[in-house]
Amino acid sequence: MHDFLTILPLLIIVFGAVVLMLLAAFEKVSLTTAAGISMGFFAAAFAAQLLAGCGPQRLVFEEIFNGMLVAGNFTMVAALVIFACGFFSTTSSHTYFQVNRFDGLEFYSLLLFAAAGMVLLTMAAELITAFIALEVMSLAIYVLVGYDRNRVTATEALLKYLMLGAFAGAFFAMGTALLYGAAGSTHFTAIATVAASEAGSPLLLGGAFLLFVALLFKVAAFPFHAWVIDVYDGAAAPVTGFMATALKAAVFTLFANILAIHGALHQGWVEILFYLAVFTMFAGNLIAIGQNSLKRMLAASGIVHTGYLLVGLVAISADTFTGAVIGYYLAAYAAGTLGIFAALSYLGGEGEKRATFADFRGLARVRPYSAAAITIFLLSMAGIPPTAGFMGKFYIITSAIEAGQIALAVLAVVSSILSMWYYLRLIVAMYFQPAEETFATTGSPWAGVGTIALAVSVFAIGLYPIIV
Amino acid sequence: MFSYALSVMIFLPILGGLALFAAPVGRGAARAIGMAIALAVLAMGIEIFLGFSPVGGMQHVEHRPWNLSLGISYSLGVDGISLLVLMAGAVLFPLVYAVFTTRTKGFYANLLLVQGAMIGAICATDLVLFYLFWEIMLLPVFFMIGIHGGAGRLPATLKITIYTIAGSLLMLAALIYVGVAHQAQFGFWSFAIADLAALNLSGGFTVWAFFMFMVAFAIKIPLFPFHTWLPDAYTEAPTSTTFVLSAIMAKIGVYGVIRFVIPVFEIEFARWALLLALAGVAGMLYCGLAAIAQKDLKRMLAFSSASHMGIIALGVFCMNVQALTGSLFQIAAHATSTGVLFLFVGLMEERMESRQIDEFGGIAYQAPIFATFFAIAMLASVGLPGTSGFIGEFLIILGAIKFSIFIAVLAGTTLIVGVCYMLWMYQRVFFEKSNERTAQFKDLRLAEILTFLPVILLIVAMGIFPQAFIGKIEPAAQLQVAQLQKGGESGGIAASIDLAPSPHNHKN
């Protein structure tokens with residue numbers, strides 16, 4: 001019974017997905033109602049997860065369902081982030097679809113299915129579960145990316161993502177097979193124990209390599225980052241926001257869970273992760289600096305944030321792992337990124353006609369509150385206090401220096417200096433240049449409300465340590 | 001005085017500024033609100049100053065834990081080191097609202113934010129809290145220059161912003177390193193400056209961390225060779241912002257060195273003091289010479305300000321009580337004199353629509369009171385005996401002689417450069433022939449005279465009765481220098497901590 005209570009939020013989401021799918025099949029509800037139902041389920045799951053978190057303090061990793069899943073504070077925080085991402089993506093989508101009419105009732109059902117896969121992924125303790133969760137999540141995301149089937153860029157993005165994602169899935173499956181061959185089990189703990197005793201085994205190395213390639217692909221880390229620009233650009237703004245935040249949160253949670261389960265696994269990979277983190281940060285920055293389109297810039301800056309999270313992964317240690325640093329950063333990053341995509345959802349206009357930096361010139365003169373909110377999100381992503389992004393970066397750098405990775409900490413700082421350029425560029429365009437249009441928007445106010453809520457939560461998360 | 005005075009001084013302007021952004025009020029009302037808040041802060045500042053007892057330690061202390069897991073606390077306090085910096089800001093801010101009457105609501109709101117953040121940075125006794133305010137301080141300046149600046153404002157804004165943020169982020173890394181080192185040595189997290197002062201830092205990364213701090217502060221001061229953002233930013237910024245930047249923000253750079261770098265990195269500081277002092281003198285000389293060549297009055301003052309910041313920084317690097325006291329005194333003296341000069345230039349620009357020295361002339365005949373006030377502020381800036389500038393520079397040179405005769409002689413002679421450009425400028429602007437432009441210049445109105453008079457009197461009073469001010473700052477300066485010397489002696493036996501293994505060390 002306890003096990004079921006632990007996964008109650010997940011069950012709520014799955015139930016919601018099925019309900020919405022049935023409603024969509026019989027076309028009994030309006031789009032607004034469907035969005036409302038989706039928001040309701042996300043909110044209910046969030047509340048259930050929050051209530052579960054108020055219970056007695058649990059272990060870092062508590063095994064449930066005979067060790068098939070793990071649950072703890074870290075997975076709980078990740079699930080909260082994912083539910084919040086789903087909630088705000090729904091609000092953004094609703095407004096977005098008022099002007100971009102390629103909506104369908106299934107859209108919201110797919111969001112819920114994707115979220116279900118993600119939450120399951122964060123709790124996976126063995127590879128088969130992880131694979132299933134990964135595919136549940138990915139299949140839903142593929143459809144969401146290509147949802148606007150009349151648009152060429154969306155279709156192109158879908159094709160790219162599907163092909164590469166399928167490869168990544170195959171790598172994951174092959175890696176699982178090899179690891180099972182080496183360890184005789186698909187459980188992370190069992191694999192880690194074997195890895196500790198026979199470090200050089202080729203089956204183990206090959207399996208782990210394939211597994212990591214798949215995970216690095218999903219989080220868009222160097223050298224598997226190239227797809228992310230086109231895919232984020234092609235997908236609809238709310239979907240991009242959902243992918244950039246929730247998906248990254250889910251995969252990074254799994255990543256951290258695998259690495260933290262046994263010291264041997266982490267030590268084997270720390271050196272490679274070190275270089276991957278550095279290259280990811282700087283590759284992302286170099287790509288972002290050259291972009292003119294906002295979504296492409298945000299996609300590239302997402303790569304940079306993946307780099308920071310990899311810094312966090314380098315710094316974790318199996319003995320003292322709580323996931324707090326990574327969980328906090330994921331929440332902080334999610335609030336900022338979702339906020340920008342929420343704003344883009346209602347400011348982008350029909351067919352996302354406002355897409356480049358230049359298109360947002362003078363926004364502050366016409367819509368000061370939207371510009372202020374976007375500024376808050378950008379400052380958070382850039383890590384300027386007192387926003388959430390600053391505290392997130394603070395924790396990441398602290399953990400890196402604590403782990404003795406001073407060089408990595410300094411490189412992370414240098415990378416955030418570089419990133420100032422493209423974050424400031426948008427602020428400069430919005431505030432320091434004259435307005436050329438009225439930025440008239442039609443549609444529901446939900447995305448706007450979501451933007452305000454996220455702007456508030458950027459500060460709330462940033463000042464969270466006060467509350468603790 | 002009630003016990004949360006400092007918090008009120010910080011958050012009254014910040015909340016007032018935020019409220020102004022949202023409130024639908026006109027610019028007149030916005031200015032009145034800003035003025036009222038600035039005056040309230042000034043009243044509290046005066047109250048603190050008068051009630052300040054001249055002992056070394058912190059007063060008006062506020063402390064509450066904030067982030068327990070990392071030992072970050074919300075700690076505030078005022079001592080002799082921060083007192084005059086705090087007062088300079090409190091005295092000068094009301095003038096901005098009095099002189100610049102035509103700005104927009106957003107501008108006044110930004111001014112309030114920057115004032116609150118500055119007071120926060122000055123009063124913070126926790127390194128992370130200081131960093132928060134230090135960074136927040138930059139944002140209003142970014143918007144003030146970017147929205148209200150001159151024709152070349154965009155490059156100037158980006159330059160100052162990226163420059164200072166680069167410095168700040170490096171400082172962030174160093175700051176965290178210091179915190180981690182404290183945890184490693186004492187077993188608990190703390191960023192309180194009193195705790196960090198107990199650290200024995202040594203090892204490979206310490207010198208890097210020291211320079212990361214120094215670069216951040218050097219950019220803000222600005223210390224040669226990190227001054228290149230300054231001429232553009234000071235010239236392109238609206239004059240009220242230039243005033244804020246030069247009169248107060250630059251001082252917080254020096255203050256940061258005294259408050260945080262000296263106690264934490266006493267060994268490194270002693271080791272590199274000569275190099276830094278040379279940088280201070282070089283900046284003095286370079287910016288002084290550059291000032292002579294300027295045609296734009298505001299740009300000339302910008303270089304002059306940078307040149308004077310060089311000598312203030314020099315006083316800090318000499319590591320003795322006289323020089324440090326002189327620097328702290330000179331911070332207030334320079335803030336008042338240069339601040340007033342920038343305000344006067346802003347006034348001239350508004351009335352005569354020019355800043356070119358060539359286009360002025362004969363103002364003294366049209367506006368004798370204005371010319372007198374300008375002369376007093378200018379003479380204080382060049383350090384004429386009887387004005388505030390003399391005391392500070394005298395003490396600094398005195399301390400510099402103890403530190404190094406060579407540097408003292410260099411600094412002393414460089415002061416003459418300051419006299420050159422200032423008097424030459426005064427001659428061209430206020431004497432010689434008046435022209436069409438200056439003939440229309442009206443002298444200060446009574447209200448304006450009454451606005452500036454207190455500050456002018458303060459400049460003279462600081463020159464004639466310096467002891468009233470020095471008495472308050474000297475005990476704190478003595479404490480600080482004592483700490484530095486103790487650190488210099490124990491340098492050899494510092495416990496070594498090894499925090500910097502390369503990533504390769506993790507491989508089994």
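The values are calculated or read from the model by the stated rules, or taken from the named source; none is laboratory data. Treat the numbers as computed from the prediction; the structure is a model and nothing was measured. Virtual Cβ from ideal backbone geometry, glycine too; neighbours counted across all protein chains shown.
Take residue A:341 and decide whether it is closer than 27 Å to residue B:164 by Cβ, surrounded by 23 or more Cβ atoms within 10 Å (Cβ to Cβ) and either more than 14 Å from chain B (Cβ to nearest Cβ) or out of contact with any helix residue (DSSP H, G or I) (no Cβ under 7 Å at 6 or more places or on another chain) (or both). Considered against the rule, which asks whether it is closer than 27 Å to residue B:164 by Cβ, surrounded by 23 or more Cβ atoms within 10 Å (Cβ to Cβ) and either more than 14 Å from chain B (Cβ to nearest Cβ) or out of contact with any helix residue (DSSP H, G or I) (no Cβ under 7 Å at 6 or more places or on another chain) (or both), residue A:341 comes out as no.
If I filter segment B:196-210 down to residues being surrounded by fewer than 23 Cβ atoms within 10 Å (Cβ to Cβ) and free of Cβ contacts under 8 Å to residues at least 60 places away in the same chain, which single residue comes out as farthest from residue A:414 (Cα to Cα)? Result: B:198. Of all the listed residues (B:496, B:490), the sole one being of a type outside the set (Val, Ile, Thr), in a helix (DSSP H, G or I), more than 30 Å from residue B:309 (Cα to Cα) and modelled with pLDDT under 85 is B:490.
Residues being within 14 Å of chain A (Cβ to nearest Cβ) and in contact with a strand residue (DSSP E or B) (Cβ under 8 Å, 6 or more places away or on another chain) are entirely absent from segment B:52-61.
For segment B:218-240, the count of residues that are part of a helix (DSSP H, G or I) and within 14 Å of chain A (Cβ to nearest Cβ) is nonzero. Would a scan of segment B:104-122 turn up a residue that is away from chain A (no Cβ under 14 Å) and basic (Lys, Arg)? Taking every residue of segment B:104-122 in turn, none turns out to be away from chain A (no Cβ under 14 Å) and basic (Lys, Arg). With respect to (1) assigned to a helix (DSSP H, G or I); (2) touching a residue at least 40 places away in the same chain (Cβ under 8 Å); (3) surrounded by fewer than 24 Cβ atoms within 10 Å (Cβ to Cβ), the lone exception for residue A:83 is condition (3). No other residue among A:386, A:434 is touching a residue at least 40 places away in the same chain (Cβ under 8 Å), closer than 22 Å to residue B:170 by Cβ and assigned to a loop (DSSP other than H, G, I, E, B) apart from A:386. Going through A:133, A:177, A:140, A:116 one at a time, which residue ends up being in a helix (DSSP H, G or I) and more than 21 Å from residue A:11 (Cβ to Cβ)? Just one listed residue meets the conditions, A:177. Considering only segment B:318-339, state which residues are assigned to a helix (DSSP H, G or I) and over 15 Å from residue B:251 (Cα atoms). Result: B:321, B:322, B:323.
Residues checked against (1) buried (at least 19 other Cβ atoms within 10 Å of the Cβ); (2) assigned to a helix (DSSP H, G or I); (3) within 13 Å of another protein chain (Cβ to nearest Cβ):
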residue	(1), (2), (3)
A:391	yes, yes, yes
A:399	yes, yes, yes
A:414	no, yes, yes
A:424	yes, yes, yes
A:448	yes, yes, no
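Rundown of residues vs (1) out of contact with any Cys (no Cβ under 7 Å at 6 or more places or on another chain); (2) among the polar types (S, T, N, Q), yes/no style:
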residue: B:389; (1), (2): yes, no
residue: B:399; (1), (2): no, no
residue: B:408; (1), (2): yes, no
residue: B:420; (1), (2): yes, no
residue: B:424; (1), (2): yes, no
residue: B:431; (1), (2): yes, no
residue: B:451; (1), (2): yes, yes
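Considering only residues in segment A:350-366 that are touching a Leu at 6+ places or on another chain (Cβ under 9 Å) and buried (at least 23 other Cβ atoms within 10 Å of the Cβ), the one that is farthest from the other protein chains (Cβ to nearest Cβ) turns out to be A:352.
Exactly one residue out of B:106, B:120, B:116 is assigned to a helix (DSSP H, G or I) and either more than 18 Å from the chain's Cα centre (by Cα) or surrounded by fewer than 24 Cβ atoms within 10 Å (Cβ to Cβ) (or both): that is B:106. Scan segment A:19-46 for residues that are surrounded by fewer than 15 Cβ atoms within 10 Å (Cβ to Cβ) and touching a residue at least 40 places away in the same chain (Cβ under 8 Å) and the total you get is 2. Does residue B:163 qualify as being more than 19 Å from residue A:364 (Cβ to Cβ), surrounded by fewer than 22 Cβ atoms within 10 Å (Cβ to Cβ) and touching a Ser or Thr at 6+ places or on another chain (Cβ under 9 Å)? Yes. Taking residues in segment B:142-159 that are at the interface with chain A (Cβ under 9 Å from one of its Cβ atoms), and partners anywhere that are of a type in the set (Phe, Trp, Tyr) and outside any helix (DSSP H, G or I), not one pair has Cβ atoms closer than 9 Å while being at least 6 places apart or on different chains. Counting only helices (runs of 4 or more DSSP H) wholly contained in segment A:225-316, the ones carrying 3 or more residues that are polar (S, T, N, Q) occupy A:263-289. Within segment A:319-330, is even one residue of a type in the set (S, T, N, Q), under 23 Å from the mean Cα position of the chain (by Cα) and buried (at least 19 other Cβ atoms within 10 Å of the Cβ)? Scanning segment A:319-330, I find no residue that is of a type in the set (S, T, N, Q), under 23 Å from the mean Cα position of the chain (by Cα) and buried (at least 19 other Cβ atoms within 10 Å of the Cβ), so the answer is no.
Here residue A:387 meets the list (1) within 19 Å of the chain's Cα centre (by Cα); (2) more than 11 Å from every other protein chain (Cβ to nearest Cβ); (3) of a type in the set (S, T, N, Q) almost entirely, failing just condition (2). Got at least one residue in segment B:38-57 being in a loop (DSSP other than H, G, I, E, B) and in contact with a Lys or Arg (Cβ under 7 Å, 6 or more places away or on another chain)? Among the residues of segment B:38-57, at least one is in a loop (DSSP other than H, G, I, E, B) and in contact with a Lys or Arg (Cβ under 7 Å, 6 or more places away or on another chain), which makes the answer yes.
Taken together, the residues in segment B:172-201 that are more than 30 Å from residue B:106 (Cα to Cα) and in a helix (DSSP H, G or I) amount to 18. Filtered by the rule that a residue be crowded, with 20+ Cβ neighbours inside 10 Å and either facing another protein chain (nearest Cβ under 8 Å) or within 23 Å of residue A:431 (Cβ to Cβ) (or both), segment B:168-195 gives B:168, B:169, B:170, B:172, B:173, B:176, B:177, B:179, B:180.
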